[in-house]
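Notes to accompany the following structure.
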Amino acid sequence: MIRARIALVAIAMIAAGSTGCRSGSPYEAETQQPHTVGLVVKNDNYTEMDVYAVSDGLPTRIGTVTGLTTRSFWINDSYVGGTDFRVVATPVGGNGRASTGPILAATGQTIYFNINSMLRASTVSIR
């Protein structure tokens, strides 16, 4: 019982400490930057998901979307311009992945990635 409380306090301290650190990542800008493509990720899964932009086989972590929430990001169009661009989401601490498959998007467009509760059934649209 005491060990469980100590573990719970340690986890809470780690979580509180990590939220205070910000990388200033250009993928989480509050307003649209020049030469960017919007990405809106709607997570209909209960699991928190890490989201990656994969361009020419090189994954770049964009951010995290908690379960049953929607989050917006901006991606530099140099990633999107690759020959094989896709967005991939993986469950934090779990197995499987949701993927958009290869997509083509241009500066000023927005990618809408809907992560389904069954990851393989996730969908994407571009506007």
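Computed from the coordinates by the stated procedures, all read-outs in this text should not be read as laboratory data. Keep in mind that what you see is a predicted model, and the values were worked out from it rather than measured. Quick reminder, even Gly has a Cβ in these numbers, built from the backbone with ideal geometry, and neighbours come from all protein chains shown.
Scanning for something surrounded by 16 or more Cβ atoms within 10 Å (Cβ to Cβ) and part of a loop (DSSP other than H, G, I, E, B), does segment 56-69 turn up at least one residue?
At the first step, the residues of segment 56-69 found to be surrounded by 16 or more Cβ atoms within 10 Å (Cβ to Cβ) are 62-63, 65.
Now drop any that are not part of a loop (DSSP other than H, G, I, E, B), which leaves none.
So far as segment 56-69 goes, no, none of its residues is surrounded by 16 or more Cβ atoms within 10 Å (Cβ to Cβ) and part of a loop (DSSP other than H, G, I, E, B).
Within segment 102-122, how many residues are in contact (Cβ under 8 Å) with a residue 12 or more places away in the chain and not in a loop (DSSP other than H, G, I, E, B)? Even if it seems obvious, please write down each step before you answer.
Just the residues of segment 102-122 that are in contact (Cβ under 8 Å) with a residue 12 or more places away in the chain, to begin with: 102-117, 119-120, 122.
Those still in the list that are not in a loop (DSSP other than H, G, I, E, B) too: 110-115, 119-120.
Total meeting the criteria: 8.
Among (1) touching a helix residue (DSSP H, G or I) at 6+ places or on another chain (Cβ under 7 Å); (2) surrounded by fewer than 15 Cβ atoms within 10 Å (Cβ to Cβ), where does A121 come up short?
Of the numbered conditions (1) touching a helix residue (DSSP H, G or I) at 6+ places or on another chain (Cβ under 7 Å); (2) surrounded by fewer than 15 Cβ atoms within 10 Å (Cβ to Cβ), the odd one out for A121 is (1).
Scan segment 72-101 for residues that are aromatic (F, W, Y) and not in a helix (DSSP H, G or I) and jot them down.
First pass over segment 72-101, keeping only residues aromatic (F, W, Y): 73-74, 79, 85.
Matches in segment 72-101: F73, W74, F85.
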